[in-house]
Amino acid sequence: MRLLITTITCLVLSACQPFAARPPTPLTIPDVFSGEAAIDAAVIAERWWQEFDDPLLDQMQTQLLTGNLNLRQAFLRLDQLEARQRTAEAGLYPSLNLNASGRREQTVSQTGENQTTSGRVTVAAAYEVDLWQRLRQRTAAAELRMLAGEDEVRTLMLSLTARLAELYFVAVEQQAQLDLLEQRLRHNRELVRVINDRYRSGLTSAAELYQAQQNLAQMEAQTPLFENTLNQTSNAIALLLGLAPGNIRIERRELPNLSSVIDIGLPASLLSRRPDVSAALLELEAADRDLAAALADRLPRLDLSANLGRSITRLSSGDVTGTFWSLALGVAQPLFDGGRLKAASDLQEAIRDEKQLAAQLKILTAIEEVESALYAEQSSLTREQLLDQQRLLNEEILKIRTENYLLGLSDSLELLRSEMTQLEVRSQQLSNQRQWISHRISLIRALGGHWVGDELQRLQSTDYKRGSFEQTPGVVIVKGYWDQ
């Protein structure tokens, strides 16, 4: 007994100084964004798409969060992380096993045949004393990875809702462009007719007629391009909603108008609003816990075990019964393993440092996305102002040429060209308006949001992740479908 106590004491004293890892480099966050904050900036609503005041878009976002297959896969991956966390946590508790065995045999000796029946029931317990917090560190790492998995689901929600809104407004723009293109084609056909009459009267050249016909052909070639984009966009929306492509057609033809600038806050607020940044920080902390556990593997390990049982043996001479038990204490200290444990701790330290750089990159990327989206939105605003000035000037020219035409001072050719120019400007405004909306969506996505946390809790409280919910056909709330 004294020898055992002396051995344990020596082992503990020889390893009482835990191995220390190099601390990670502190993460740096800029104090402010490079752009100047607007005084009258608006605060983003949590469910930001409702700011567009579009019931169809709102209903599709609801369908997205319950029907998207990528999101359902993410919930199943979250189940896997939860199971790993429970597995790691189970190591903190003793294990208890019940064993039972029975045996009957016959032997032959000089006295004749002998039959023996025996049985045994044993309860065995084992427990590892977590001297160096090795088990707790690994349990904490598993918990942190589960939390990081939840943040990854939130990140996916942000990306999917932003993608759906972008595709929806692309489809709306294509419908508006098709309507506008039809007006422009009518004007072009009328222009070709007028120029053709003037050519027959000898008032213009054949080159001008051919040029007008060429312009008409080029404009007619734009129709299948808009229709193809509309078809691809509608199919992409159906896929996002978990439906078969070919079942959705967006009929809206009016884009929402944007006005106030968004309050982007400070860079540090991205840490709480962006789940991908939060996930990177949690992964860094989990890697640090894994490193601590790897270092603890190089220290002594203390195991306790106990057995309690009852046995019975039936002999020809009589029954032998009794209760047996045992208590055991085991200590193990790695002495030589060829450097395996040292290599394992070095591996975990390299992983920790990699996660540290990944977290720093994620923070800088988040700030870059906000900066770029903000600049793009401001550029769209500037271009919208310039196009509006151009539209106003064209309106004045159109008024003058209309009056001259009514007074007989000019022919219809100049009037048609002015009307066509005005329609061209309107087409450019539509394209820029949709780009502005896209930049606004990118900025909102880059800023993150807290609504995804509430939505995640709501979905986790249902049977959604198990796929047992009922999806109502036709809930996809578009006003029309492709012809079957």
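Exactly one residue among Ala90, Ala125 is touching a residue at least 12 places away in the same chain (Cβ under 8 Å) and small (Gly, Ala, Ser), and that residue is Ala125.
Residue-by-condition table, conditions (1) over 30 Å from Ala446 (Cα atoms); (2) in contact (Cβ under 8 Å) with a residue 60 or more places away in the chain; (3) not assigned by TED's automatic domain parsing to the domain that holds Leu281:
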position	(1), (2), (3)
Asp303	yes, yes, yes
Asp319	yes, no, yes
Glu349	yes, yes, no
Lys355	no, yes, no
Ala376	no, yes, no
Leu386	no, no, no
Arg391	yes, no, no
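Pro473 falls short on exactly one of the conditions (1) over 30 Å from Glu82 (Cα atoms); (2) buried (at least 16 other Cβ atoms within 10 Å of the Cβ); (3) at pLDDT below 75; (4) not β-branched (Val, Ile, Thr), and that condition is (2).
Taking the numbered list (1) modelled with pLDDT of 90 or more; (2) more than 20 Å from the chain's Cα centre (by Cα); (3) under 26 Å from Ser442 (Cα atoms) in turn, Ala359 passes all entries but (2).
Does Gly119 qualify as being over 30 Å from Thr87 (Cα atoms), surrounded by fewer than 16 Cβ atoms within 10 Å (Cβ to Cβ), outside the structural domain of Gln457 (by TED's automatic domain parsing) and not aromatic (Phe, Trp, Tyr)?
Values: over 30 Å from Thr87 (Cα atoms): yes; surrounded by fewer than 16 Cβ atoms within 10 Å (Cβ to Cβ): yes; outside the structural domain of Gln457 (by TED's automatic domain parsing): yes; not aromatic (Phe, Trp, Tyr): yes.
Yes.
Contact map, the stretch 214-243: first residue in a helix (DSSP H, G or I), second residue of a type in the set (Ser, Thr, Tyr), Cβ cut-off under 7 Å, separation 6 or more or different chains; pairs are Ile237/Tyr168.
Look at Glu395 and say whether it is among the acidic types (Asp, Glu), modelled with pLDDT of 75 or more and either under 23 Å from Val192 (Cα atoms) or buried (at least 18 other Cβ atoms within 10 Å of the Cβ) (or both). Judged against the criteria, Glu395 is a match.
Would you be able to say whether some residue in the stretch 291-314 is surrounded by fewer than 13 Cβ atoms within 10 Å (Cβ to Cβ) and modelled with pLDDT under 90?
Looking for residues that are surrounded by fewer than 13 Cβ atoms within 10 Å (Cβ to Cβ) and modelled with pLDDT under 90, one finds none in the stretch 291-314, hence no.
State which residue is farthest from the chain's Cα centre (by Cα) when the search covers only the stretch 66-81 and only residues that are assigned to a helix (DSSP H, G or I), buried (at least 16 other Cβ atoms within 10 Å of the Cβ) and at pLDDT 90 or above. That would be Leu81.
Looking at this structure, is Thr313 outside any helix (DSSP H, G or I) and over 23 Å from Arg138 (Cβ atoms)?
Details: outside any helix (DSSP H, G or I): yes; over 23 Å from Arg138 (Cβ atoms): yes.
So Thr313 fits the description; yes.
Residues that are touching a helix residue (DSSP H, G or I) at 6+ places or on another chain (Cβ under 6 Å), modelled with pLDDT of 90 or more and among the hydrophobic types (A, V, I, L, M, F, W, C) within the stretch 130-159 comprise Ala140, Ala141, Ala142, Leu144, Met146, Leu147, Ala148, Val153, Leu156, Met157, Leu158, listed in sequence order. Do we find a residue being hydroxyl-bearing (Ser, Thr, Tyr) and touching a residue at least 40 places away in the same chain (Cβ under 8 Å) anywhere in the stretch 193-207? No, there is no match, as no residue in the stretch 193-207 is hydroxyl-bearing (Ser, Thr, Tyr) and touching a residue at least 40 places away in the same chain (Cβ under 8 Å).
Might you check whether a residue that is without any contact (Cβ under 8 Å) to a residue 24 or more places away in the chain and either under 46 Å from the mean Cα position of the chain (by Cα) or not in a helix (DSSP H, G or I) (or both) occurs anywhere in the stretch 167-184? Yes, some residue in the stretch 167-184 is without any contact (Cβ under 8 Å) to a residue 24 or more places away in the chain and either under 46 Å from the mean Cα position of the chain (by Cα) or not in a helix (DSSP H, G or I) (or both). Condition check for Glu424 on (1) surrounded by fewer than 17 Cβ atoms within 10 Å (Cβ to Cβ); (2) in the same structural domain as Asn247 (by TED's automatic domain parsing); (3) among the charged types (D, E, K, R); (4) at pLDDT below 85: one failure, at (4). Assessment of the stretch 434-441 against the conditions (at pLDDT below 85, of a type in the set (A, V, I, L, M), crowded, with 18+ Cβ neighbours inside 10 Å and under 17 Å from the mean Cα position of the chain (by Cα)) yields no matching residue. In the stretch 52-73, is there at least one residue being without any contact (Cβ under 8 Å) to a residue 24 or more places away in the chain and within 25 Å of Ser272 (Cβ to Cβ)? Taking every residue of the stretch 52-73 in turn, none turns out to be without any contact (Cβ under 8 Å) to a residue 24 or more places away in the chain and within 25 Å of Ser272 (Cβ to Cβ). Condition check for Thr233 on (1) surrounded by fewer than 17 Cβ atoms within 10 Å (Cβ to Cβ); (2) under 47 Å from the mean Cα position of the chain (by Cα); (3) hydroxyl-bearing (Ser, Thr, Tyr): one failure, at (1).
The values are calculated or read from the model by the stated rules, or taken from the named source; none is laboratory data. Quantities reported herein were computed from a predicted structural model and do not represent experimental measurements. Positions of Cβ are generated from backbone atoms using ideal geometry, with glycine treated the same way; all protein chains shown enter the neighbour counts.
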